[in-house]
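Participant: Got a structure for you, questions after.
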Amino acid sequence: MRNTPIMHCSASSIEYKTDAASRWKPVAPPLSPHGPSRFTSLPDAARGLWRRGCGLLLVACLILGTAGRTRAEDVSTWIENQMDSIAGLYLHLHRHPELSLHEKETSARIAKELRDAGFEVTTPFGGYGVVGLIRNGDGPKLMLRCDLDGLPVKEETGMEYASTVTTSLNGVPTGVMHACGHDIHMTTVVNTARYLASHQDLWRGTLMVIGQPAEEGGRGAKAMLEDGLFEKFPKPDYALAMHVTPEISCGVLGYCPGPAMANVDSIDITMKGRGGHGSAPHTTIDPIMQAAELVVSLQTIVSREIDPSSTAVVTVGSIHGGAQHNVIGNECHLQLTVRSYTDEVRDQLLAAIQRKAKAVAQGARAPEPDIQIRQNTPVLINNEELTARVAEVFRGTFGEARVVRIPPRMGGEDFSRYGRAGVPIFMFRLGVVSQHRMDRYAAAGQQPPSLHSSQFRPDFEEALPVGIEAMTIAALDLLKPQK
Ligand code: ZN
Ligand code: ZN
């Protein structure tokens with residue numbers, strides 16, 4: 001993974017530190033932090049005051065009249081007024097996470113939210129997927145996507161609203177947690193959908209909102225596409241999604257034109273041998289020795305075969321063979337994750353892995369290894385034109401300093417598949433750790449807990465209004481009525 005000491009943001013010419021403590025954090029000027037949680041940390045009296053403040057703001061807006069009101073002000077006022085319901089939905093989803101392919105209740109809740117907002121809803125679709133549609137005259141077709149699933153992680157944030165859900169995964173008990181922030185994504189997309197449904201005078205076209213199951217593991221987008229998402233429903237002209245990140249602070253939005261997330265392939269290799277007594281290795285063909293040789297050999301692919309200016313990763317994440325000290329087994333299993341940004345590099349990596357595995361086996365007089373390759377997600381390529389257009393809309397509302405260009409990541413996201421299906425896509429990043437907490441981590445020489453960590457904790461009251469506003473103004477721009 002890259003770690004450039006200083007990144008120059010071409011869009012805003014602001015320097016962003018990429019040191020260990022605060023990657024992508026603006027050197028200046030950070031947002032004024034809202035401070036601690038409005039909904040979970042303040043006493044009731046303070047919460048009441050905050051809400052009355054929102055009410056007063058609404059009245060002030062009404063008194064000022066609509067003539068000079070900008071669309072962005074309208075959206076942010078609406079969000080402030082809806083904050084109880086927005087936080088309520090987030091907390092409900094956060095407390096009730098479900099694993100990939102098991103998102104039954106989550107899917108039902110998203111479907112209900114969309115139906116209540118006036119969408120025509122189809123579910124189940126592609127597993128527990130949800131498709132909501134509003135046709136509002138002639139105009140572009142826009143898809144907004146959120147993902148429904150949580151992870152087999154026991155939450156350890158210590159928050160009073162922490163998930164206590166437990167389940168069994170392959171017979172092993174596990175906690176379940178929205179450790180990738182998909183609860184933030186759902187809350188953002190549902191509330192963007194509610195705003196757009198209740199302000200149809202502001203836009204024209206077709207709005208399709210999808211709740212996609214099974215993002216983790218990369219099966220959900222594929223399932224929805226295979227079930228005919230773009231045949232049974234209008235194929236969109238654009239698709240937007242958002243993903244949270246603890247690497248930028250609340251109030252800041254990140255974008256990365258072009259390849260933004262990696263091709264992800266999972267490979268299972270079984271090195272085969274001939275078992276026997278550990279004291280008589282000459283009578284055997286040792287699969288563990290082959291595996292050990294292969295692990296080292298694989299590390300020369302990126303270092304010796306791939307162009308140094310390309311990015312690639314080959315990681316052996318699991319190796320299992322044998323049962324006890326004095327027995328040489330018949331097989332040894334390896335599991336690899338392989339990452340790249342282009343089809344050419346991907347093909348090169350996969351060919352080299354197969355070649356090396358076979359070569360090791362041949363060198364050991366062993367049978368050919370068994371090699372299974374599974375593509376989890378293809379590279380996520382943000383359409384350059386769409387990215388530039390939406391980033392400009394963001395800058396117009398949030399200001400240059402809050403819209404930052406970020407480097408590509410080697411993680412995977414199956415939102416990429418809608419792009420592969422021919423739709424211009426853009427996934428932006430939403431900062432979810434308050435400046436206040438960022439500063440505390442930085443002072444301690446630490447980084448905030450990453451996605452998939454049991455301690456990952458978005459500051460949702462601060463992050464959600466920004467996410468909803470960003471998604472909404474992007475949608476309003478893309479669905480702008482033609483004069
Ligand atoms: Zn994830
Ligand atoms: Zn995710």
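No lab work stands behind these numbers, since they all come straight from the coordinates. Bear in mind that the values here come from a model prediction, so they are computed numbers and not experimental data. Quick reminder, even Gly has a Cβ in these numbers, built from the backbone with ideal geometry, and neighbours come from all protein chains shown.
Participant: Just order 254-260, 470-476 by mean Cβ neighbour count inside 10 Å, highest at the front, would you?
Facilitator: Numbers: 254-260: 20.1, 470-476: 25.1.
By packing density, highest mean first, the sequence is 470-476, 254-260.
Participant: Label Asp268 and Ala421 with points 7 Å out from Cα along Cα→Cβ: what is the distance between them in nm?
Facilitator: Here the modelled spin labels are 2.7 nm apart.
Participant: Under a point-charge model restricted to the Cβ atoms of Lys and Arg (+1) and Asp and Glu (-1), what is the dipole moment magnitude of segment 263-377 relative to its Cα centre, in debye to the nearest 20?
Facilitator: Values: 10 positive and 12 negative charges, 50 e Å.
It works out to roughly 240 debye.
Participant: Any chance you could run the full-extension gain for Arg115 through Asp201? It's 0.36 nm times the residue separation minus the Cα-Cα distance, nm to one decimal.
Facilitator: On the way: separation 86, 0.36 × 86 = 30.96 nm, distance 1.93 nm.
Working it through step by step, the gained length comes to 29.0 nm.
Participant: Sort Leu99, Leu142 so the one with the fewest other Cβ atoms within 10 Å of its own Cβ comes first.
Facilitator: On the way: Leu99 18, Leu142 23.
So the ranking, lowest neighbour count to highest, is Leu99, Leu142.
Participant: Further, regarding this structure: Assuming R0 = 25 Å, what is the FRET efficiency of Ala388 and Lys483, from their Cβ-Cβ distance, to the nearest 0.05? Can you show the working numbers first?
Facilitator: On the way: r = 23 Å, r/R0 = 0.91.
Using R0 = 25 Å, I get an efficiency of 0.65.
Participant: Gap in Å between the Cα centre of segment 124-181 and the Cα centre of segment 301-376?
Facilitator: Segment 301-376 and segment 124-181 have Cα centres spaced 32 Å from each other.
Participant: Can you work out the FRET efficiency for the pair His333 and Asp138, with r the C-beta to C-beta distance and R0 = 60 Å, to the nearest 0.05? Please report the intermediate quantities before stating the final value.
Facilitator: On the way: r = 57 Å, r/R0 = 0.94.
Calculated value: 0.60.
Participant: Lysines within cross-link reach of Lys272: Cα-Cα under 27 Å, excluding same-chain residues under 8 positions apart?
Facilitator: Result set, ordered by chain and number: Lys356, Lys358.
Participant: Please give the length that would be gained between Lys358 and Val313 if that part of the chain were fully extended, namely 0.36 nm times their separation in residues minus their C-alpha to C-alpha distance (nm, one decimal).
Facilitator: On the way: separation 45, 0.36 × 45 = 16.20 nm, distance 2.03 nm.
Using 0.36 nm per residue and subtracting the Cα-Cα distance, I get 14.2 nm.
Participant: Same structure, new question: Would you mind ranking Met271, Met410, Met438 so that the residue whose beta carbon has the fewest other beta carbons within 10 Å leads the list?
Facilitator: Numbers: Met271 31, Met410 18, Met438 24.
With the sparsest Cβ surroundings first, the list reads Met410, Met438, Met271.
Participant: Points 7 angstrom from Cα along the Cβ direction at Glu400 and Ser450: gap in nanometres?
Facilitator: 3.3
Participant: Just name one of Thr387, Pro308, Gln324: the one whose Cα is farthest towards the positive end of the charge dipole of segment 308-397 (beta-carbon charges, Lys/Arg +1, Asp/Glu -1).
Facilitator: Value computed over the given set: Gln324.
Participant: So what J values fall out for segment 259-267 if you push phi through Karplus, 6.51 cos²θ - 1.76 cosθ + 1.60 with θ = phi - 60°, rounded to Hz, Gly and Pro as x?
Facilitator: Each residue's phi maps through the Karplus curve to give x, 10, 9, 8, 5, 10, 10, 10, 10 Hz.
Participant: Using the count of nearby Cβ atoms within 10 Å as a rough guide to exposure, how do Ser279, Ser249, Ser85 rank from fewest to most? Intermediate values should be presented prior to the final figure.
Facilitator: Values: Ser279 8, Ser249 28, Ser85 14.
Fewest-to-most ranking of Ser279, Ser249, Ser85: Ser279, Ser85, Ser249.
Participant: Between Arg95 and Glu226, what's the calculated FRET efficiency when r is the beta-carbon distance and R0 is 35 Å? Round to 0.05. Spell out each step's value before the answer.
Facilitator: Working: r = 32 Å, r/R0 = 0.91.
My answer for the efficiency is 0.65.
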